[in-house]
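Below is one structure, written out as structure tokens, with a few remarks after it.
The values are calculated or read from the model by the stated rules, or taken from the named source; none is laboratory data. Bear in mind that the values here come from a model prediction, so they are computed numbers and not experimental data. Methodologically, a virtual Cβ is constructed for each residue, glycine included, from the backbone with ideal geometry; neighbour enumeration extends over all protein chains shown. Accessible surface areas use protein heavy atoms only, side chains included; no ligands, DNA or RNA. Shrake-Rupley method; radii C 1.70, N 1.55, O 1.52, S 1.80 Å.
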Amino acid sequence: MIKKTVQKKTSKISLQKTKNIALSIQFSLDGFSFCVTDSETQEKIYFTAYQFEETLNSPEDLLENIEYIFKNNANLQFEYTSVLVIHKNNLATLVPSKYFDENKLASYLNFNIKTLSTDFIAFDEVTSIEAKNLYVPYININNYLFQNFGEFEYRHHHTILIEKLLMLKRLNEKTMFVNVSKNSFDIVVLENKKIIFLNSFLYQTKEDFIYYILFTVEQIQLDTAIFKLFFMGDIQTESEIYKIAYKYIKNIFFLESQNSIFKDLEAPNHSNFILLG
């Protein structure tokens, strides 16, 4: 069943260049977004995000919605020089490379999530931290996209998130980053270019939201009066989740992007970090 989609954000300027362009797609059970990059200059030149009115129940429902979007958005019909597909879900775990055995993928994931014997498990190389990111991709979506584009690269959103955060400068002290989506958020804590903590959480209320943040603070012994927390994604100062976080944590900031595409977007430049950050 196709859920009603809301085109939440889109570039104010239409996509002018249709050759030598690359496509990046991100999807979850909450929405679908994509950006187009000039392959020659690496500049982001177009962006659109759809949000589903309700969280979908299954990858099968997600496929129906993606098929509908593809049929109705001409910008997804061009011939792209490359396509990157990003699976956004909480079905993932990190494993240090030195302990990794490709024959034990399911056993690693089963420490954190319940997998089925029929689940296909993939992994990304995260060379910057000498680790593998294991996850369950939505294979039905991959198959559909292969029919549209042929070969493409696919990765988990945690991989992209880690790599982008580790490119930031001045991360010598423990710093928390919270990447917020409609019904879920990622917490990453870095220190000296190393991952101290990484996990994703589902939430429905502001109390759920602050509970998981403060639980993480307690687990890794952060001082709420000292450490810095950077928000990205679907959160603003007037958000209830921002207000409750500010009650407990002193140093809160937005991780703002310098990406020039935000000049053409009616969206704050800390949003859509995975694709535009």
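Just need a number here: residues in region 216-226 that are under 22 Å from the mean Cα position of the chain (by Cα) and farther than 17 Å from Glu173 by Cβ.
Of the residues in region 216-226, 0 are under 22 Å from the mean Cα position of the chain (by Cα) and farther than 17 Å from Glu173 by Cβ.
Scan region 188-207 for residues that are over 24 Å from Ala131 (Cα atoms) and under 20 Å from the mean Cα position of the chain (by Cα) and jot them down.
In the first step, residues of region 188-207 are kept if they are over 24 Å from Ala131 (Cα atoms); the result is 202-207.
Those that are over 24 Å from Ala131 (Cα atoms) and under 20 Å from the mean Cα position of the chain (by Cα): Leu202, Tyr203, Gln204.
Are any of the residues in region 250-271 over 26 Å from Cys35 (Cβ atoms) and over 22 Å from the mean Cα position of the chain (by Cα)? Can you show your working first?
Step one: filter region 250-271 for residues over 26 Å from Cys35 (Cβ atoms), giving 250-252.
Checking the rest, the ones that are also over 22 Å from the mean Cα position of the chain (by Cα) come to 250-251.
Yes: one or more hits.
In this structure, is Tyr246 in contact with a strand residue (DSSP E or B) (Cβ under 6 Å, 6 or more places away or on another chain), farther than 23 Å from Ala122 by Cβ and of a type outside the set (A, V, I, L, M, F, W, C)? Write out each step before concluding.
On the way: in contact with a strand residue (DSSP E or B) (Cβ under 6 Å, 6 or more places away or on another chain): yes; farther than 23 Å from Ala122 by Cβ: yes; of a type outside the set (A, V, I, L, M, F, W, C): yes.
Here the answer is yes, as Tyr246 does meet what is asked.
Show me the strands (runs of 3 or more DSSP E) entirely contained within region 183-255 in which 1 or more residues are of a type in the set (Phe, Trp, Tyr) and surrounded by 20 or more Cβ atoms within 10 Å (Cβ to Cβ).
On the way: elements: 184-191, 194-202, 228-233, 251-254.
Ranges flagged: 184-191, 228-233.
Do any helices (runs of 4 or more DSSP H) lying entirely in region 86-165 carry at least 1 residues that are more than 20 Å from Asn199 (Cβ to Cβ), open to solvent by 70 Å² or more (accessible area, probe 1.4 Å) and out of contact with any Ser or Thr (no Cβ under 6 Å at 6 or more places or on another chain), and which ones are they? Quick ask: steps written out before the conclusion?
Numbers: elements: 105-109, 139-149, 157-165.
Where helices (runs of 4 or more DSSP H) fall fully within region 86-165 and carry at least 1 residues being more than 20 Å from Asn199 (Cβ to Cβ), open to solvent by 70 Å² or more (accessible area, probe 1.4 Å) and out of contact with any Ser or Thr (no Cβ under 6 Å at 6 or more places or on another chain), they are 139-149.
Can you pull out the residues in region 167-193 that are at pLDDT 95 or above and aliphatic (A, V, I, L, M)?
Listed by number, the residues that qualify are Met176, Val178, Val180, Ile187, Val188, Val189, Leu190.
Would you check which residues across region 11-35 are under 18 Å from Gly277 (Cα atoms) and free of Cβ contacts under 8 Å to residues at least 40 places away in the same chain and list them?
Phe32
So which residues in region 262-277 are outside any loop (DSSP other than H, G, I, E, B), touching a residue at least 40 places away in the same chain (Cβ under 8 Å) and not aromatic (Phe, Trp, Tyr), if there are any at all?
Pass one, region 262-277, residues outside any loop (DSSP other than H, G, I, E, B): 262-264, 273-276.
Add one more test, that the residue is touching a residue at least 40 places away in the same chain (Cβ under 8 Å), and what stays is 264, 273-276.
Within region 262-277, Asp264, Ile274, Leu275, Leu276 meet the criteria.
If Ile261 meets every condition in (1) open to solvent by 20 Å² or more (accessible area, probe 1.4 Å); (2) touching a Cys at 6+ places or on another chain (Cβ under 8 Å) apart from one, which number is that one?
Single failed check for Ile261: (1).
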